[in-house]
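First up is the structure itself, then whatever we jot down about it.
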Amino acid sequence: MQAGDKPQAVLFDLDGTLLLDSGSPADQFIVFCERLGHHFDAEAPLRLERWQHEYWSKREQVQADLAEHGQDNFWLCYNNYQLEFLGIQGPLHDYSLRIDLWFHEEYAYTPVVPDDVRPTLIHLRASGITLGLVSNRAAALDTITAEHGLADLFNFTLSAGEAASWKPHPDIFHQALQRAGAAPETAVYVGDNYYADILGARRVGLTPILVDRRGVFPEADCRVIKEIGELQKL
């Protein structure tokens, strides 16, 4: 799609794009590590968040880790990966257990929809653009969109569980395009995960737009916006 062209469809990721955690797990993980006596430079939370994005884009690895460690021990494995990425040495298993306990005691996932999301989606639909919601969640998206006042804003929704395909795999994007009735070159995909959203959408031929509110991907080779409201300029 050429600059200035009006898209036929705009497809959105959900978590981290339209629905945000009021806190930052990466920031909190760094805080817990510092509580253990390890200290980092100011860019460490962004490096860790970038690693987290990449890890969750690798569906096969996540599934393998779940199969090997089980649901109960999966998060300890995940903590170990992050400790190793940060270059921490010492009793990693003990660190992982303590960090897991602290997360359960002190960290609460509190989802919020930014103020500019609903007006932007209303504006795009009023412009005649088909809107789709495409998420790597396993469950259907009807309940979560209803809970956050987004249910009436999309022409369709598609979860990875429904598609039996997880971003960045091409099939979930192809299914979304079919539902939108749009060719790849006439559609835009908006997401916050460079590895799952941007690379996946580009592979299929969509125009990708990265929402990077925190500057996690400073070298992203695509259009980058800081807020969803910027999409009204489309």
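Once the chain from R214 to Q232 is taken as fully extended at 0.36 nm per residue, the excess over their C-alpha distance is 4.4 nm. In segment 88-106, which residues have a backbone nitrogen under 13 Å from the label point lying 7 Å from R35's Cα in the Cα-to-Cβ direction? Under 13 Å, as judged by backbone N against the label point of R35, lie 95-106 of segment 88-106.
In this simple spin-label approximation, D116 and E68 carry label points 7 Å from Cα along the Cα→Cβ vector, and these lie 4.1 nm apart. Quick one: net charge of I228's neighbours, Cβ under 15 Å, K/R +1, D/E -1? Every neighbour counted, the sum reads -2. The listed peptides 189-195, 207-213, ordered by packing as a protection proxy, come out as 189-195, 207-213 (highest mean of other Cβ atoms within 10 Å first).
Under a model in which nothing but the beta-carbon of Lys, Arg (+1) and Asp, Glu (-1) is charged, segment 167-234 shows a dipole of about 100 debye around its Cα centre. Seen through its C-alpha gyration tensor, with square-root eigenvalues sorted a ≥ b ≥ c, segment 25-106 comes out oblate because a/c lies at 1.5 or above while a/b is not bigger than b/c. Axis of helix 59-85 versus longest Cα principal axis of the chain: the two differ by about 60°, to the nearest ten degrees. Here the dipole of the chain is about 780 debye; that uses its Cα centre as origin and unit charges on the Cβ of Lys and Arg (positive) and Asp and Glu (negative).
The C-alpha atoms of the chain occupy a region whose extents along the principal axes are 56, 35, 32 Å, arranged from largest to smallest. If you wrap the Cα atoms of segment 175-234 in a convex hull and average its projected area over all directions, you get 4.2 nm². Please work out the FRET efficiency for the pair A108 and R223, using the Cβ-Cβ distance as r and a Förster radius of 45 Å; give the result to the nearest 0.05. The computed FRET efficiency comes out at 0.85.
For the chain, take the longest principal axis of its alpha carbons; what is the angle in degrees between that and the long axis of helix 44-56, to the nearest 10 within 0 to 90? Relative to the chain, helix 44-56 is tipped by roughly 70 degrees.
Mean residue ellipticity at 222 nm, helices only, the chain: -13500 deg cm²/dmol; runs of at least 4 DSSP H residues each add -39,500 (n - 2.57), and the sum is divided by the number of residues.
Seen against the Cα atoms of the chain and their longest principal axis, helix 117-126 is set at about 20 degrees.
No lab work stands behind these numbers, since they all come straight from the coordinates. Everything quoted here is computed from the prediction, not taken from an experiment. Counting neighbours? That spans all protein chains shown, and the Cβs are built from the backbone with ideal geometry, glycine included.
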